[in-house]
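Any read-out appearing in this document is the output of simple, stated calculations on the displayed coordinates, not a laboratory observation. Everything numeric in this text was worked out from a predicted model, so none of it was measured. Counting neighbours? That spans all protein chains shown, and the Cβs are built from the backbone with ideal geometry, glycine included.
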């Protein structure tokens with residue numbers, strides 16, 4: 001299905017809310033509903049899912065056309081200049097978090113620290129391999145001293161699983 | 001009144017205990033330090049240090065969190081004034097006149113006024129808190145599940161609609177937050193809900209992971225390679241911070257009026273700090289003899305919003321602690337931390353945990369004095385901190401987030417949750433949805449559901465009970481008014497050309 005060109009952010013948001021609400025509703029119906037007197041586990045989620053769909057519809061109807069929307073996030077970089085996709089930054093940041101998870105599981109604290117800092121630092125277009133590696137090394141040492149020796153974090157320094 | 005003073009004395013005894021004082025100082029210092037850093041607001045700081053509170057006792061934990069909160073507010077003002085870079089949305093207004101003052105070479109004076117206004121406003125806020133809380137407690141003891149439900153509804157509705165941007169989007173985000181709160185085991189029936197058969201989700205979504213995803217990672221995702229932070233050549237020394245006599249005179253009444261606005265809004269559950277600062281600014285502009293000066297470096301435009309933000313912060317603790325209704329996302333986080341420590345906020349809190357309540361009140365004063373002492377001589381250091389490039393900042397913060405979330409429950413699964421909430425938050429931010437109501441909904445959700453189900457059980461499924469009990473009826477009435485006001489505002493917007501005042505203010 002192709003989405004109309006005249007759609008602004010609000011329309012996409014409304015569509016997303018509708019889908020989310022519907023999914024919650026569908027899953028919620030699988031739990032016990034009960035009555036108002038004795039509510040089951042599914043009662044509140046179903047109500048919330050329905051409400052979310054209703055709000056989604058309301059946002060869709062009242063949506064502003066592109067270009068005349070209101071500012072919600074006054075912080076710099078938020079929405080004001082919508083540039084194209086920033087894949088390098090996005091992938092590196094998420095990759096940084098995921099490498100902490102994976103290496104934390106299979107490599108230990110120090111590799112996880114180094115990797116998460118290095119990978120995420122590479123997301124900035126001004127970073128070089130060298131500057132990222134230096135930053136990662138500094139934070140790894142910091143982590144060793146503060147988190148391992150200082151706060152005795154549970155994660156072993158190295159582990160091969 | 002006499003009793004309040006005795007209690008306050010007791011509070012000072014608690015707050016001055018070495019361990020408590022140490023954590024409080026630590027919180028203030030870290031809060032100020034991180035608050036100065038571009039792109040790091042109170043929310044990021046508190047969520048990063050949240051795991052640390054799990055290992056220390058409840059009293060120092062809350063003192064530290066509170067210290068981070070107002071510490072980062074002081075710090076944030078520095079970035080807003082000197083760099084035109086608000087690290088926390090409420091400071092967006094401070095930029096409007098603070099930055100022009102910096103360009104005109106009066107940045108130091110703007111900072112000085114900010115500090116004075118903050119300290120004054122915080123003191124007033126603390127006094128209000130001291131004398132209002134016991135009164136509120138008397139009323140709050142009449143609260144049953146029905147009343148708690150309706151006041152929570154009011155808080156959520158106010159939080160959703162009174163923040164900036166579209167009220168409908170706020171409501172949508174609140175519902176999303178409530179849904180996040182539903183995930184996990186249902187306390188009444190024991191059924192696991194929306195866990196997708198993952199045993200790690202049975203305990204629900206981790207508060208720290210949710211916040212750090214939404215406010216940390218999501219923020220990095222949205223800002224990476226998109227924020228251009230101009231290196232500031234502003235040099236501010238202690239001497240520059242002394243405002244001239246004329247500036248002091250000009251700033252005095254705006255400071256008082258800003259404090260009043262903040263106090264008023266702080267007592268209302270659910271109203272965010274951003275809206276408060278905007279209102280304080282708008283008030284000043286409306287009553288000024290020459291409104292055209294605003295936006296070009298009017299000192300009133302710095303004093304009033306900063307004062308309102310600080311008095312609001314202090315007064316905000318009243319509904320948060322005595323009713324369990326946080327005023328904004330930061331308060332929701334502090335509330336969440338208390339609940340994790342096994343302390344149920346509510347009317348019993350002041351009587352059952354006087355050490356927390358009065359210790360906190362006393363620590364506010366100690367913290368604020370510390371901040372003034374800290375900020376005046378150290379301003380040069382803070383200014384240099386502002387120059388830290390974003391490319392070093394966010395990878396380090398990301399690592400702290402990972403370690404912080406991991407240490408909460410020694411669970412790498414929770415770190416994965418951070419990434420998920422980061423993506424969710426970034427999508428919402430890109431679509432112009434506000435993310436802070438999510439935290440409000442998430443923290444209040446389980447309480448709301450439990451109390452609602454209990455109220456329904458007591459009334460045998462009769463929804464009219466919310467209107468039959470007088471206190472509850474008042475809250476429901478207030479909710480209705482709020483909705484009607486929104487409808488009215490929407491209807492007027494349709495008929496008249498939009499008064500794009502706030503949008504203009506920001507785009508300038």
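Both the radius of gyration and Dmax for region A:87-150 are 11.6, 37 Å, in that order, over alpha-carbon atoms. The length gained by stretching the chain between residue A:158 and residue A:62 to full extension, at 0.36 nm per residue less their Cα-Cα distance, is 29.0 nm.
Could you tell me how many degrees, from 0 to 90 and to the nearest 10, lie between the Cα long axis of helix B:470-495 and the main elongation axis, the longest principal axis, of the Cα atoms of chain B? Taking the Cα atoms of chain B, the angle to B:470-495 is about 50 degrees.
The angle separating the long axis of helix B:300-318 from the principal Cα axis of greatest extent in chain B is about 30 degrees. Computed over region A:87-150, relative contact order equals 33 percent, with contacts defined as Cα pairs under 8 Å that lie 6+ residues apart. Note on residue B:135 and residue B:253: the model spin-label points, each 7 Å out from Cα along the C-beta direction, lie 2.7 nm apart. Each part reduced to its alpha carbon centroid, region A:14-33 and region B:199-220 end up 21 Å apart. Only DSSP H runs of four or more residues enter the estimate; each adds -39500 (n - 2.57), and after division by the residues of the protein assembly as shown the mean residue ellipticity at 222 nm equals -23000 deg cm²/dmol.
Modelled label positions at residue B:296 and residue B:483, each set 7 Å beyond Cα in the direction of Cβ, lie 4.7 nm from each other. Applying 0.36 nm per residue to the separation of residue B:410 and residue B:9 and subtracting their alpha-carbon distance, the gain on full extension is 140.4 nm. Can you classify chain B as rounded, prolate or oblate using the Cα gyration tensor, where a ≥ b ≥ c are the square roots of its eigenvalues, rounded means a/c under 1.5, and otherwise it's prolate if a/b beats b/c and oblate if not? Because its axes are fairly even, with a/c under 1.5, chain B counts as rounded. Using C-alpha pairs below 8 Å separated by at least 6 residues, the relative contact order for chain B is 27 percent. Restricting the calculation to Cα atoms, the protein assembly as shown shows an Rg/Rh of 0.95 when the hydrodynamic-style radius is the Kirkwood one.
Shape index of region A:9-72: Rg/Rh, with Rg the Cα radius of gyration and Rh the Kirkwood radius from the inverse mean 1/r over Cα pairs, equals 1.16. A straight chain from residue B:16 to residue B:340 at 0.36 nm per residue would run longer than the Cα-Cα distance by 114.2 nm. In this simple spin-label model, placing a label point 7 Å from the Cα along the Cα-to-Cβ direction at both residue A:134 and residue B:104 gives a separation of 4.1 nm.
Computed on region A:9-72, with alpha-carbon pairs under 8 angstrom and 6+ residues apart, the relative contact order is 44 percent. In degrees between 0 and 90, to the nearest 10, how far off the longest principal axis of chain B does helix B:412-430 point, with axes built from Cα atoms? It is inclined by approximately 60 degrees.
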